[in-house]
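Visitor: My structure is below; once you've seen it, I'll send some questions.
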Amino acid sequence: MNLPLLRYAFGSNALRVVVIAAGLSLMGVVMPVMYSAFGVEMEEFIESVPFFSQLINGFGGGNVLSLTGSMAFAFQHPFTLLLVGIMAVAFPALAIAGERDKGTLEVTLSRPISRRGLLLTLNTAGVVFVLVLVGVLATVTALTAVAVGFGEDIEIANVAQLWLVSSLLFVAFMAIAFAVSVESDRAGPAIGLPAVFILLNYLAFTIGGIWPDVGFLADWSMFNLLKAQQVLDGGIAATDLAVLLAFIGLFAGIALYRFPRRDLPAPS
């Protein structure tokens, strides 16, 4: 761990974190307010139409016409995925492959810091960013639910568990991004490959949720480990937590093993 590098990572990404946090705050407000305004009235109509019922109940892994379902959807909405995904993918890609692309990584490594120390410091910064951003979403969502009169219907402990499992999901994506970044000499592929992986997982999760014939796709998506509404209703499944931690450990281990051992050719 290198404290000057950690402070630099925090400072250089502070504005990005603030902007993303503002967007997540908006999402945290919108979903409970929409449920308060339209959810109860629309539920009876939607449930009377089989197609709409399947679409609403399957999209995002839960029933968005319930309070916990609408709150859960805030954590699985494409807008949330885009905002937190920017940090989960772009930060590792730019911090290593991007610096390599610019020819400045060697300057950093010429200082008294090992490659593993560099990687562990950047990982720490990235994890903190994800925890803070998802924490903003969880906090604003819960406070908004209380403000619109549904405070008695939510369990704060379950909201905290949703914050944890959602954070771990994005940390897992970040671990993949770091593993790709340490192998890449260009920022483009380091961003593109993890982004495609996340997009394919999200499409599989979404399509499998609303199309019963291919429901198996959702089972194989990493987003299925989130189970946001189930967490809000009853807590985290231990198996899902274990899979996420194993996934993080695997790709973090790959990055820590490969980065000190690979050559860093001169930029062309």
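Visitor: Return yes when Leu203 is part of a helix (DSSP H, G or I), at pLDDT 90 or above and either under 16 Å from the mean Cα position of the chain (by Cα) or surrounded by fewer than 22 Cβ atoms within 10 Å (Cβ to Cβ) (or both) and no when it is not. So that I can check it myself, show each step before the final result.
Guide: Details: part of a helix (DSSP H, G or I): yes; at pLDDT 90 or above: no; either under 16 Å from the mean Cα position of the chain (by Cα) or surrounded by fewer than 22 Cβ atoms within 10 Å (Cβ to Cβ) (or both): yes.
Taking the combined requirement at face value, the residue does not satisfy it.
Visitor: Okay, next question. Can you find a residue in segment 60-78 that is out of contact with any strand residue (DSSP E or B) (no Cβ under 9 Å at 6 or more places or on another chain), within 16 Å of Phe170 (Cα to Cα), of a type in the set (S, T, N, Q) and at pLDDT below 90?
Guide: Yes, segment 60-78 contains at least one residue that is out of contact with any strand residue (DSSP E or B) (no Cβ under 9 Å at 6 or more places or on another chain), within 16 Å of Phe170 (Cα to Cα), of a type in the set (S, T, N, Q) and at pLDDT below 90.
Visitor: Restricting attention to segment 208-229, which residues are in a helix (DSSP H, G or I), surrounded by 13 or more Cβ atoms within 10 Å (Cβ to Cβ) and at pLDDT below 85? Before you say what the answer is, go through the steps one by one.
Guide: Initially, segment 208-229 is screened for residues in a helix (DSSP H, G or I), giving 208-210, 212-214, 216-219, 222-225, 228-229.
Keeping just the survivors that are surrounded by 13 or more Cβ atoms within 10 Å (Cβ to Cβ) gives 208-210, 217-218, 222-225, 228-229.
Matches in segment 208-229: Gly208, Gly209, Ile210, Leu217, Ala218, Ala228, Gln229.
Visitor: Out of Leu82, Leu55, report the one residue that is at pLDDT 85 or above and under 30 Å from Val33 (Cβ atoms).
Guide: Details: Leu55 fails: at pLDDT 85 or above.
One residue alone meets the criteria, Leu82.
Visitor: Another question about this same structure. Considering only segment 234-262, state which residues are closer than 22 Å to Ser70 by Cβ and surrounded by 17 or more Cβ atoms within 10 Å (Cβ to Cβ).
Guide: Pass one, segment 234-262, residues closer than 22 Å to Ser70 by Cβ: 234-237, 240.
Once the filter is applied, which keeps residues that are closer than 22 Å to Ser70 by Cβ and surrounded by 17 or more Cβ atoms within 10 Å (Cβ to Cβ), segment 234-262 yields Ile236, Asp240.
Visitor: What are the residue pairs meeting all of these: first residue in segment 153-176, first residue touching a residue at least 24 places away in the same chain (Cβ under 8 Å), second residue charged (D, E, K, R), Cβ atoms under 8 Å, and 6 or more apart or on different chains?
Guide: What qualifies is Asn158/Asp233; Val165/Lys227; Val165/Asp240.
Visitor: For segment 75-108, give me each residue that is in a helix (DSSP H, G or I) and without any contact (Cβ under 8 Å) to a residue 24 or more places away in the chain.
Guide: Of everything in segment 75-108, those that are in a helix (DSSP H, G or I) and without any contact (Cβ under 8 Å) to a residue 24 or more places away in the chain turn out to be Leu82, Glu99, Val107.
Visitor: If you scan segment 231-261, which residues turn out to be within 28 Å of Ile156 (Cα to Cα), more than 16 Å from the chain's Cα centre (by Cα) and charged (D, E, K, R)?
Guide: Scanning segment 231-261 gives a single hit, Asp233.
Visitor: When only residues in segment 117-151 that are over 19 Å from Phe10 (Cα atoms) and over 24 Å from the mean Cα position of the chain (by Cα) count, which is modelled with the lowest pLDDT? Before you say what the answer is, go through the steps one by one.
Guide: Step one: filter segment 117-151 for residues over 19 Å from Phe10 (Cα atoms), giving 137-151.
When the remaining residues are screened for being over 24 Å from the mean Cα position of the chain (by Cα), the result is 146-151.
Details: Val146: 87, Ala147: 88, Val148: 80, Gly149: 79, Phe150: 75, Gly151: 72.
Filtering segment 117-151 for residues that are over 19 Å from Phe10 (Cα atoms) and over 24 Å from the mean Cα position of the chain (by Cα), the one modelled with the lowest pLDDT comes out as Gly151.
This table checks each residue for (1) among the basic types (Lys, Arg); (2) surrounded by 20 or more Cβ atoms within 10 Å (Cβ to Cβ).
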residue: Leu82; (1), (2): no, no
residue: Gly85; (1), (2): no, yes
residue: Ala88; (1), (2): no, yes
residue: Pro92; (1), (2): no, yes
residue: Ile96; (1), (2): no, yes
residue: Arg100; (1), (2): yes, yes
residue: Leu119; (1), (2): no, yes
residue: Thr124; (1), (2): no, no
residue: Val127; (1), (2): no, no
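Visitor: Any residue that is in contact (Cβ under 8 Å) with a residue 40 or more places away in the chain, in contact with a Pro (Cβ under 8 Å, 6 or more places away or on another chain) and farther than 30 Å from Val107 by Cβ - is there at least one of those in segment 181-198?
Guide: no
Visitor: I've got another one for you. Step by step: first the residues of segment 161-200, then only those that are surrounded by fewer than 16 Cβ atoms within 10 Å (Cβ to Cβ) and at pLDDT 90 or above, then the one that is farthest from Phe223 (Cα to Cα). Which residue is that?
Guide: Looking at the filtered set, the residue picked out is Gly192.
The values are calculated or read from the model by the stated rules, or taken from the named source; none is laboratory data. A quick note: this is a predicted structure, and the numbers were derived from the prediction, not measured. With ideal geometry, Cβ positions are generated from the backbone for all residues, glycine too; neighbour counts draw on all protein chains shown.
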